[in-house]
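What follows is a single structure, written as structure tokens, with notes after it.
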Amino acid sequence: NVFAPELKVTPGDVVVGEGTRVQILVRVANTRITSARLRRSGPGGAEAVEDMALTAGAPGQDRAFAMTYPAVKTTFRYRVHAGDALSRYYTVTVVSPPAIEGLDLTFRYPDYSGLPARTEKDSGGTIRALPGTVVDVTARVNKPVKSANLVVTTPSATTPSAGIIARGDDGRTACRFRLDITPGLAGLWAVKLTDEFGLSNPVSERTIQAIADMAPVVKVLHLGQKELRINPTEMLPVFFNAEDDYGVSDADLLLEVDGKKSEERVAGATPGSRPGRKIEGMATIDLNDARFKNAQRVAFQIKVRDNMPPTFHGPQVGVSQVFTIVLDAGVPSFDEQ
């Protein structure tokens, strides 16, 4: 076995994940050698001999022989026999790579939404939530890991954040992360794990998206036409309702008298101390008021605000369509019309 040092075997001793492709390669300086054999022994100790394939190479270079295993399942020892040389034993150690066995997501919504915290056990991983929501991600893992990162990928950036590796209530490894849902966020997220051997988990990307708080919608209920002819001695009631996905805070009556604009709060339109998702209200336009004296046309609409706080660039505003009053002393009363 004096020629054993002439055998250059790769990868030598190696640790791989179960199901990994492994190629064993031997290079021999002696170009007269025409064959090589791999002697492989499994857990039972019996040694199997397999012919290695000669690989193509440039003239004058070392000869190379290869044996490829598409997906190794168990640990084995091997050595290579080429010509008069026999290499030492090497070991391919097969271990289970880290894998996520389950995901739990807890959604903590911003206070103004009024939504209670919600937990998804064994979640599919899709995250769609209001900006300002904090999502606590718990990944249950099949084995202890050395590092754990949550990676968010958007068209403009890839952002990793390290997690906390701990033992779960059942004694198994759990990795915990915090995700902040920012306005306009849209992309993919994944958990990337690495064990003590440097093996990584199969990465499965999931969707993440911020669902914007929509502006409120307001409608005037009882007026069938946009232009009204009304006697200047009348009082016009304006009934309306307003809706928002998380809460309407208040309503204003917008007036434009012959081109001059004003704004006043509608009394009673605020639904108590906490904003509601839907309010109903009534504004009254008293055409006997001094500000309408000698006016010819009065335009009005209802404006409402939602309860989005300034820290989220709120509140958002919604307005009804514009109605116009033409003041005409010769028309019947509004009730008669």
In sequence order, what are the phi-derived ³J(HN,Hα) couplings for region 229-244 according to the Karplus relation 6.51 cos²θ - 1.76 cosθ + 1.60 with θ = phi - 60°, rounded to whole Hz, with x for glycine and proline? 9, 9, 5, x, 8, 8, 10, 9, x, 10, 8, 8, 9, 9, 9, 8
Using +1 at the Cβ of each Lys and Arg and -1 at the Cβ of each Asp and Glu in the chain, identify which of VAL16, GLY318, TYR112 lies farthest towards the dipole's positive end. VAL16
Compute the distance in nm between two label points, each set 7 Å from the Cα along the Cα-to-Cβ direction, one at LEU54 and one at LYS146. 4.1
Point-charge dipole on Cβ atoms (K/R +1, D/E -1) for region 135-242, about Cα centre, debye to 20: 200
How high is the relative contact order of region 50-187, in percent, with contacts defined as C-alpha pairs under 8 Å that are six or more residues apart? 17
Which listed pairs, of LYS8/LYS73; LYS8/LYS192; LYS121/LYS278; LYS73/LYS121, have C-alpha distances above 28 Å, in listed order: LYS8/LYS192; LYS121/LYS278; LYS73/LYS121
Hey, what's the Kirkwood Rh for region 212-323 if you take every pair of different alpha carbons, in angstrom? 14.7
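What's the FRET efficiency of SER123 with ALA71 using the Cβ-Cβ distance as r and R₀ = 25 Å, to the nearest 0.05?
0.25
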Quote to one decimal, in nm, the extra length available between ASN231 and THR34 on full extension: 0.36 nm per residue of separation minus the C-alpha distance between them. 59.8 nm
Share of carbon and sulfur in the accessible heavy-atom surface of the chain [1.4 Å probe, %]: 50
DSSP beta bridge pairing in region 119-260, given as percent antiparallel to the nearest 5: 90
If the chain between LEU188 and SER200 were fully extended at 0.36 nm per residue, the gain over the current Cα-Cα distance would be 2.5 nm
Gained length - GLU256 relative to ASP111, 0.36 nm times residue gap less alpha-carbon distance: 48.5 nm
Residue-normalised value, i.e. accessible area per residue, for the chain at 1.4 Å probe, in Å², stands at 54
In sequence order, what are the phi-derived ³J(HN,Hα) couplings for region 114-129 according to the Karplus relation 6.51 cos²θ - 1.76 cosθ + 1.60 with θ = phi - 60°, rounded to whole Hz, with x for glycine and proline? x, 8, x, 4, 9, 10, 10, 7, 6, 6, x, x, 5, 10, 9, 8
So if R0 is 41 Å, what FRET efficiency would ARG291 and THR154 give, r being the distance between their Cβ atoms, rounded to the nearest 0.05? 0.20
Starting from the Cα of LYS260, draw a straight line to each of the lysines and keep only those under 21 Å, dropping any in the same chain fewer than 8 residues away. LYS226, LYS293, LYS303
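The values are calculated or read from the model by the stated rules, or taken from the named source; none is laboratory data. Given the structure is predicted, the values throughout are model-derived calculations rather than measurements. FYI the Cβ positions are ideal-geometry reconstructions off the backbone, even for glycines, and counts take in every protein chain you see. The accessibility values were calculated without ligands, DNA or RNA, using every heavy atom of the protein model including side chains. Shrake-Rupley method; radii C 1.70, N 1.55, O 1.52, S 1.80 Å.
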